[in-house]
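Working notes, beginning with the structure itself.
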Amino acid sequence: MNNVIPEVSFCQSCGMPLEKPEDFGTNMNKSRSEDYCHFCFKSGRFIEPDITMEAMITKVANFMAQMNIAPEAQAKEAMKNFIPKLKRWRG
């Protein structure tokens with residue numbers, strides 16, 4: 001039996017799993033962005049172009065807590081390790 005685990009990509013701004021077509025943002029020409037979700041990227045632009053990495057970490061941790069994915073403090077610690085590795089935030 002072939003136990004292939006499907007590869008899930010993540011938004012390279014907020015870390016959201018990109019699993020369904022509607023999860024993806026759009027490029028300037030309205031094509032699907034392979035890097036960013038619809039919460040972060042629309043029509044080839046970041047929805048919050050001036051958000052800092054620290055603010056994004058807090059925003060995502062708050063969302064994860066509201067969705068009962070993880071307690072806020074635990075989510076914030078996890079995002080402090082994950083978000084800096086994403087394309088938008090790397091040097």
Checklist entry - What pairs can you find where one residue is in segment 37-53 and within 19 Å of Lys20 (Cα to Cα) and open to solvent by 90 Å² or more (accessible area, probe 1.4 Å), the other is assigned to a loop (DSSP other than H, G, I, E, B) and not β-branched (Val, Ile, Thr), and their Cβ atoms are less than 8 Å apart, with a gap of 6+ or different chains? => result Phe39/Cys11; Phe39/Cys14; Phe39/Met16
Checklist outcome for this item: Of (1) surrounded by fewer than 13 Cβ atoms within 10 Å (Cβ to Cβ); (2) without any contact (Cβ under 8 Å) to a residue 40 or more places away in the chain, Lys87 fails just (2)
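Residue-by-condition table, conditions (1) among the hydrophobic types (A, V, I, L, M, F, W, C); (2) outside any loop (DSSP other than H, G, I, E, B):
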residue: Glu34; (1), (2): no, yes
residue: Met56; (1), (2): yes, yes
residue: Lys59; (1), (2): no, yes
residue: Ala65; (1), (2): yes, yes
residue: Ile69; (1), (2): yes, no
residue: Gln74; (1), (2): no, yes
Checklist entry - Glu7 fails exactly one of the following numbered conditions: (1) in a helix (DSSP H, G or I); (2) free of Cβ contacts under 8 Å to residues at least 12 places away in the same chain. What is the number of that condition? => result (1)
Checklist outcome for this item: Contact list, first residue from segment 10-34 and on the phi > 0 side of the Ramachandran plot, second anywhere and part of a loop (DSSP other than H, G, I, E, B) and open to solvent by less than 40 Å² (accessible area, probe 1.4 Å), beta-carbon distance below 7 Å, six or more apart or interchain, is Gly15/Leu86
Next on the checklist: Gln66 - would you say it is open to solvent by 100 Å² or more (accessible area, probe 1.4 Å) and at pLDDT 95 or above?
Outcome noted: yes
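The values are calculated or read from the model by the stated rules, or taken from the named source; none is laboratory data. Note that the coordinates shown come from a computational prediction; the quantities given were computed from them, not determined experimentally. All Cβ positions, even for glycine, are placed from backbone atoms using ideal geometry, and neighbour counts span all protein chains on display. To get the accessible areas, we keep the full protein, side chains included, count just its heavy atoms, and leave off ligands, DNA and RNA. Shrake-Rupley method; radii C 1.70, N 1.55, O 1.52, S 1.80 Å.
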